[in-house]
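One structure is given here, and the rest of the page talks about it.
The values are calculated or read from the model by the stated rules, or taken from the named source; none is laboratory data. As the structure is a prediction and not an experimental result, all values here were calculated from the model. We place every Cβ from the backbone using ideal geometry, glycine too, and count neighbours over all the protein chains shown. The area values use the complete protein model at the heavy-atom level, side chains included, leaving out ligands, DNA and RNA. Shrake-Rupley method; radii C 1.70, N 1.55, O 1.52, S 1.80 Å.
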Amino acid sequence: MELNDYKNIWVYVETFENKPKNVGLELLGQARNLADQLNEKVAAVIMCTDGTEAAKESIAYGADEVYVLESEEYAYFDAEIQSYTLVELIEKYKPSAIFIGATNNGRDLGSRTAVKEHTGLTADCTGLAIDEESNNIAYTRPAFGGNLMATILCADARPQMGTVRPGAFKKGQPDYSRKGDIIKEHFLLPPETNMVKFLEFIKAQTNGEIAIEDADIIVSGGRGLKDGKNFALIEELAQTLGGAVGASRAAVDAGWISHIHQVGQTGKTINPKLYIACGISGAIQHQAGMNGSDVIVAINTDPNAPIFDIADYGIVGNLFEIVPTLTKEIKKIKEK
């Protein structure tokens, strides 16, 4: 492998019903920053039935080129089909690095593709940078239970691949005046990629709740709630603020709330405008998932809780008194 033959940073832009998911647009912004340092291009890779909207958005968020593959075979994610297609693209165009969102689909796609390409893949990254000595991509991810952050380089193989947590980077402002090249590609799929037959897509039942990765305001509860029924306090405050409900790992492990609400290293990485942590001590594993929030408010009885080290506003006190009072006062303001 001649490393100098590989140029440019690619972002796999995952889609659902032909619309790009936020994580791909988030990664395009960071890819743009890194590519500018290397004097290289940013390319988006899109596989769906109609890539018009996703290609337009990708260019607006920083792509110079967009590889669009349109077929009914890409209507819903199939790891074998999409990994085969991505390998064909890699062999043809030779990118230096590929960033993939660490969604369920992205983790599947990234690992399969890396194995087929005999290259490395850094999973579940929270940071991307350029290594000053080698100009390789420096992938940063939590290690040893989140107690330290490891920086990993792929020095001897290409492409340098990594899956990156949704929410690890903030989505930039789109510039719809940007121009970019849209390159339509098509590869004939061999029979061995057609091993799965799609039957039906069933959407998860959310009861109208806002997903935490999409929310501007998140109210989270932790071990300090003492019982699952007390999440009603968190839910009422979140609803009053028009936000979503989050949780610490301790609350999820106790069975008080489902895993889709978990914030942290083993949950979701989020960066809302406002994050309110109620009864959460703020261990490093939790901080890894929410320390990118614009404003952090912490409510805890322990004045030495680690959460206060990163909070913009801290309230030392009993959440069972503070949260209902806060909810009541916000409702009064809204009524006015």
Determine how large the accessible area of residue 45 is when every protein chain is in place; take a 1.4 Å probe and give Å² rounded to the nearest 10.
0
Relative contact order for the chain: what percent, with Cα pairs under 8 Å and sequence separation of 6 or more?
14
Dipole of the chain, Cα-centred, from +1 at each Lys and Arg C-beta and -1 at each Asp and Glu C-beta, to the nearest 20 debye?
920
Rg/Rh over Cα atoms for region 23-122, Kirkwood Rh, comes to 0.93
Do the alpha carbons of any pairs in 56/94; 273/328; 92/273; 41/203; 21/94; 56/273 sit beyond 32 Å of each other, and which pairs?
92/273; 41/203
In the chain, what percent of the accessible surface is made up of carbon and sulfur (1.4 Å probe, ligands and nucleic acids excluded)?
49
Expressed as a whole number of Å, what is the distance separating the alpha-carbon centroids of region 196-253 and region 179-195?
37
Show the residues, 5+ positions off or on another chain, whose built amide H is closer than 5 Å to the amide H of residue 182.
66
Please identify the chymotrypsin sites (Phe, Trp or Tyr not before Pro) of region 247-317 that satisfy two criteria: DSSP loop assignment and at most 16 other Cβ atoms within 10 Å. Which are they?
none
With every protein chain in place, the accessible area of residue 107 for a 1.4 Å probe, in Å² rounded to the nearest 10, comes to 110
Across region 110-201, how many lysine pairs, 8 or more apart or on two chains, come within less than 29 Å at their alpha-carbon atoms?
7
Once the Cβ-Cβ distance between residue 183 and residue 260 is put in as r, and R0 is 41 Å, what FRET efficiency do you end up with, to the nearest 0.05?
0.65
Vicinal HN-Hα couplings computed from phi for region 311-317 (Karplus, 6.51 cos²θ - 1.76 cosθ + 1.60; Hz; Gly/Pro x)
6, 7, 9, x, 10, 8, x
For the chain: accessible area per residue (Å², 1.4 Å)
50
Between region 113-151 and region 264-336, what's the alpha-carbon centroid distance in Å?
30
For the chain, with +1 on Lys and Arg beta carbons and -1 on Asp and Glu, the positive-most of 9, 123, 270 along the dipole:
270
